[in-house]
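Single-structure report; data block below.
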Amino acid sequence: MVLHNQISFTLDHIDLFSAMTFFDNFKSFQLIAAHRGFRALYPENTLSAFRASIGHCHFIELDIQMSKDLVPVVFHDSTLERTSNAEIQRKKMGLQSLNINDWTMLQLKTLDIGTWFLNTDPFGTILRKETSLEQLRKVMPQTVMTLEEVLLHPALQKIPINIEIKDHRGKEQHKKITEAVLEVIQRTDSSTRILISSFNHDYLVIAKNCAPKISTAALQHRSHPKNLVEYLKTLGVAAYHPADDITDAPLIRRLRAAGLGINVYTVNSMKRQQELFAMGVTAVFTDFPKLPYTHTVSKY
């Protein structure tokens, strides 16, 4: 049954989720996900951004690329120049490529992936004094983390995490990335607090076949696949992650009636967040995570 105007949805309303380990972490829905951590105040996909999001979100979203030596690393772009000093470092190391997949883990560890934030103030939060250069300089430099380091970090060991596996089609890592991520999840005993998502839905099928108890979600932008509900059921996903601009009330009702979660990205307007929650969305991804006064509670 779909309760369109209900503000909060408990787990009892969705039978499918009772078998999904990730959603068992929450007593009800209306979840706030920190998109690449608290990336409006700290450089994205860094320990500083993840730590800053604690207490401001229900779960953290992060991105996974794969290094040349096949280590899952936390980084969004397929190239290094936007959020690091790789242009300088590659000359020191005699490297030609700025593609992250062409750098080994040790080479990636030499990068400063935090200072760019101070120089560019991408969300205007330094200018508006929502954060400060002094505060940011205290946590610099920030370095590339492996997925394993994130999952084992004492400050992050309990919070649920959405791992987005970036598309590696056309690269050597393509056939290895999903199983490598699963191996880290299982080795760190993190399965029950992980949601795997990807725009490459083949990765989700592989994940479900290899580790059926780990929850998965299909990312989508621009347009929806044909026969959407049937398609998602064939993938075996627990949730659909559409872009905000392709999300509307009929879509939300259809997915919720089918027992699927719908988690929308990227929603920085609190007004829009509340509109989506009122329509039945289960989570929103935001660069400005903030928990409402009355919010769902993680078991952790």
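Using a 1.4 Å probe on the protein heavy atoms, what percent of the accessible area of the stretch 96-161 belongs to carbon and sulfur?
For the stretch 96-161, the apolar C and S fraction of the accessible surface comes to 54 percent.
Once you have the Cα-Cα distance between Met140 and Asn227, take 0.36 nm times their residue separation minus that, and quote the gain in nm to one decimal.
Length gained, Met140 through Asn227: 26.6 nm.
Count neighbours as other Cβ atoms within 10 Å of each site's Cβ, and list the trypsin sites (Lys or Arg not before Pro) in the stretch 69-168 that are DSSP loop with at most 16 such neighbours.
Arg82, Lys109, Arg128, Lys129, Lys138, Lys158
Name the residue, out of Ile88, Ile113, Ile163, whose mean-square fluctuation peaks in a Gaussian network model built on the chain with Cα pairs under 10 Å.
Ile88
In the stretch 194-300, carbon and sulfur make up what percent of the accessible area (probe 1.4 Å)?
56 percent
Compute a Gaussian network model of the chain, connecting alpha carbons closer than 10 Å, and tell me which residue from Leu251, Leu127, Leu70 fluctuates the most.
Leu127
Give the calculated FRET efficiency between Lys171 and Met93 to the nearest 0.05, with a Förster radius of 30 Å applied to their Cβ-Cβ distance.
Computed FRET efficiency for Lys171 and Met93: 0.90.
Return the long-range amide H neighbours of Gly114 (sequence gap of 5 or more, or a different chain), with a cut-off of under 5 Å between placed amide H atoms.
Gln142
Can you list residues whose amide H is under 5 Å from Leu219's amide H, if they're 5+ apart or on another chain and H is modeled 1.01 Å from N?
Those lying under 5 Å, H to H, from Leu219 are Ser198, Phe199, His241.
Between Ser190, Ser215, Ser132, which gets the highest mean-square fluctuation from a Gaussian network model of the chain, Cα cutoff 10 Å?
Evaluated over the chain, the most mobile residue of the options is Ser132.
Accessible area per residue, 1.4 Å probe, Å², for the stretch 197-246: what's the number?
45 Å²
At 1.4 Å probe size, with every protein chain present, just tell me what the per residue accessible area of the stretch 17-161 comes to in Å².
So the stretch 17-161 comes to 41 Å² accessible per residue, rounded to a whole number.
Pull up all non-local amide H partners of Ile262: gap of 5 or more, or a different chain, and H-to-H distance under 5 Å with H placed in the peptide plane.
Under 5 Å from the amide H of Ile262: Tyr240, Thr282, Ala283.
Apply the Karplus curve 6.51 cos²θ - 1.76 cosθ + 1.60, θ = phi - 60°, to the phi angles in the stretch 61-70 and return the couplings in whole Hz, x for Gly and Pro.
For the stretch 61-70, the Karplus curve yields 10, 9, 10, 10, 10, 10, 6, 4, 8, 6 Hz.
Take every DSSP beta bridge whose two residues both sit in the chain, then give the antiparallel share in percent to the nearest 5.
20 percent
The values are calculated or read from the model by the stated rules, or taken from the named source; none is laboratory data. All of these numbers come straight from a predicted model, not from anything done at the bench. Note: ideal-geometry Cβ built from the backbone for every residue, glycine included; neighbour counts use all protein chains shown. Note: areas computed on protein heavy atoms with side chains; ligands, DNA, RNA excluded. Shrake-Rupley method; radii C 1.70, N 1.55, O 1.52, S 1.80 Å.
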